[in-house]
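Visitor: This is the structure I want to talk about, given as structure tokens.
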Amino acid sequence: MQSPQFFVVDDPTAYTQRAIAIMRALADSAIAQRGCFRIALSGGATPRPVYAALATAPGIDWPRWELFWSDERTVPPSSLESNFGMANELLLEPLAARGIVPGRVERLQGEIEPATAAANYEQTLRTLDGNGTPRFDLIHLGIGGDGHTASLFPHTAALAESAHLVVANVVPKLKTVRLTFTFPLINAARNVLFLVNGESKAAALQAVLEGPRDIAQWPSQGVQPHNGQVTWLVDSAAAALLTGAAFATT
Ligand code: 6PG
């Protein structure tokens, strides 16, 4: 695994533009090498401004972008809880209004029986690079205050999954089931981009990056791509408790 890259950007507009610049550079490289850019998006609040700005960003070769999701709630796409629904509202519909359609959009079916939805998505993913574990050019992730990423929550069964690429994960503390990428899929990625903002993430970020290795308690520690680059794009509030010199303030 390559050494992680760390960037601290505080101005919200500069942060959003930096996130898009990172995505665009990875897309240009992937498209040049393989003809397409395969990206998995996350949900939550942090990426909202990034998706909204991406809808009008210049220099995006959308017909070559293949959009997937790294996790989904067990709700229909019309739900306010839906990760696809959020990206559809902020990114896909504004693009469509400009006559732009990404090359591929594959959402997780949050509206059907979770194990079936996970199996369906895994079947689709396994067609991407033959029948093995597909390599995403970029998996965008966030982290929760409890150190979860995607829908890999502390002390949940999905953390131990070593065969399946996508599972239905029971999350007792949320009293729900979530659909999520597993570590075997995430750790096959060429690139992972963590977008982490705000004081509420400072303790988790410090534990994940500088605390003892305890993936059960801090699942984001399990993101260790075998042959991939992890990039952290954070603000100084989220980085406030870090002691390492790793963060280059930009
Ligand atoms: C989800 C996300 C989840 C998210 C973190 C951070 O389904 O909610 O995929 O993993 O990235 O919970 O969420 P915020 O950006 O809202 O803090």
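The values are calculated or read from the model by the stated rules, or taken from the named source; none is laboratory data. None of the values given here were measured: they were computed from a predicted structure. Every residue, glycine among them, receives a Cβ derived from its backbone with ideal geometry; neighbour counts consider all protein chains shown. Surface areas here come from the heavy atoms of the whole protein model, side chains and all, with no ligands, DNA or RNA. Shrake-Rupley method; radii C 1.70, N 1.55, O 1.52, S 1.80 Å.
Visitor: Please report how far the C-alpha centroid of region 181-227 lies from that of region 25-93, rounded to the nearest whole angstrom.
Guide: After rounding, the separation between the Cα centres reads 20 Å.
Visitor: What accessible area per residue comes out for the chain, rounded to a whole number of Å², with a 1.4 Å probe?
Guide: Heavy-atom SASA per residue in the chain reads 41 Å².
Visitor: Return the loop-located trypsin sites (Lys or Arg not before Pro) in region 99-184 (DSSP other than H, G, I, E, B) with at most 11 other Cβ atoms within 10 Å of their own Cβ; answer none if there are none.
Guide: Counting only loop positions with at most 11 other Cβ atoms within 10 Å, the trypsin sites (Lys or Arg not before Pro) in region 99-184 are LYS175.
Visitor: Let me ask you something else. To check you understand DSSP bridge types, tell me what percent of the beta bridges within the chain (both residues inside) are antiparallel, rounded to 5.
Guide: Taking every DSSP beta bridge with both residues in the chain, the antiparallel ones total about 30 percent.
Visitor: Pick from ALA168, ALA119, ALA40: which residue has the top mean-square fluctuation in a GNM of the chain where Cα pairs under 10 Å get a spring?
Guide: ALA119
Visitor: With the crude spin-label approximation of a point 7 Å out along Cα→Cβ, what separation in nm comes out for SER162 versus THR127?
Guide: Simple spin-label model gives 3.0 nm for this pair.
Visitor: OK, next. For every helix of n ≥ 4 consecutive DSSP H residues, a contribution of -39,500 (n - 2.57) applies; sum these over the chain, divide by its total residues, and give [θ] at 222 nm rounded to the nearest 500 deg cm²/dmol.
Guide: Using -39500 (n - 2.57) per qualifying helix, the result is -7500 deg cm²/dmol.
Visitor: I'd like the Karplus ³J(HN,Hα) series for region 180-187: coefficients 6.51, -1.76, 1.60, θ = phi - 60°, whole numbers in Hz, and an x wherever there's a Gly or Pro.
Guide: My calculation for region 180-187 gives 8, 4, 9, 4, x, 6, 4, 7 Hz in order.
Visitor: Roughly how many percent of the accessible protein surface of the chain is carbon and sulfur, given a 1.4 Å probe and a whole-percent answer?
Guide: Of the solvent-accessible surface of the chain, carbon and sulfur hold 54 percent.
Visitor: What ³J(HN,Hα) values, in whole Hz, does the Karplus curve 6.51 cos²θ - 1.76 cosθ + 1.60 give for region 70-77 when θ = phi - 60°, with x put for Gly and Pro?
Guide: My calculation for region 70-77 gives 7, 6, 7, 7, 8, 9, x, x Hz in order.
Visitor: List the residues whose amide H sits under 5 Å from the amide H of LEU193, counting only those 5 or more places along or on another chain, with H placed 1.01 Å from N in the peptide plane.
Guide: ILE139, HIS140, LEU141, THR231
Visitor: If each of ASP214 and VAL105 carries a label point 7 Å out from its Cα toward its Cβ, how far apart are those two points in nm?
Guide: 4.2
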